[in-house]
Amino acid sequence: MRILLLVNNLVVGGAETQTVRLAEALVSLGHQVCIGYFSAANAFAAELDEQGIGYYCIRPRPNN
């Protein structure tokens, strides 16, 4: 199954750490997982790369 997890940012914190641990557990069960986040900070990039978990910073469009 393909799963997208969304979180505000990927700085070291409770919800962010739990999101990464959930993603790792889902990958170990055979799922394809990506994490989307809204802030440019990403303290977990190396760990996610090692686990094969995709991550994407979602930037809002500028107001026109």
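What's the total number of residues in the range 6-35 that are outside any helix (DSSP H, G or I) and either closer than 11 Å to I53 by Cα or open to solvent by 50 Å² or more (accessible area, probe 1.4 Å) (or both)?
Counting residues in the range 6-35 that are outside any helix (DSSP H, G or I) and either closer than 11 Å to I53 by Cα or open to solvent by 50 Å² or more (accessible area, probe 1.4 Å) (or both) gives 11.
Checking A43 against (1) touching a residue at least 12 places away in the same chain (Cβ under 8 Å); (2) more than 14 Å from N9 (Cα to Cα); (3) open to solvent by 60 Å² or more (accessible area, probe 1.4 Å), which single condition isn't satisfied?
Only one criterion is unmet by A43, namely (2).
Would you point out which residue out of A46, A40, A23 is in contact with a Lys or Arg (Cβ under 9 Å, 6 or more places away or on another chain) and of a type in the set (A, V, I, L, M, F, W, C)?
After ruling out the rest, the residue left standing is A40.
Looking only at the range 46-64, filter to residues that are open to solvent by 40 Å² or more (accessible area, probe 1.4 Å) and in a loop (DSSP other than H, G, I, E, B); which one of those is farthest from L6 (Cα to Cα)? Walk me through it before giving the result.
Keep residues of the range 46-64 that are open to solvent by 40 Å² or more (accessible area, probe 1.4 Å), which gives 46-47, 49-52, 55-64.
Then drop every residue that is not in a loop (DSSP other than H, G, I, E, B), which leaves 52, 58-64.
Details: G52: 17, I58: 10, R59: 13, P60: 14, R61: 18, P62: 21, N63: 23, N64: 26 Å.
It comes out as N64.
The values are calculated or read from the model by the stated rules, or taken from the named source; none is laboratory data. Small disclaimer: the values here were computed from a predicted structure and weren't measured. Heads up, the Cβs are rebuilt from the backbone with ideal geometry, glycines too, and the neighbour counts pull from every protein chain shown. Each accessible area value is taken on the protein alone, full model and side chains, heavy atoms only, with ligands, DNA and RNA left out. Shrake-Rupley method; radii C 1.70, N 1.55, O 1.52, S 1.80 Å.
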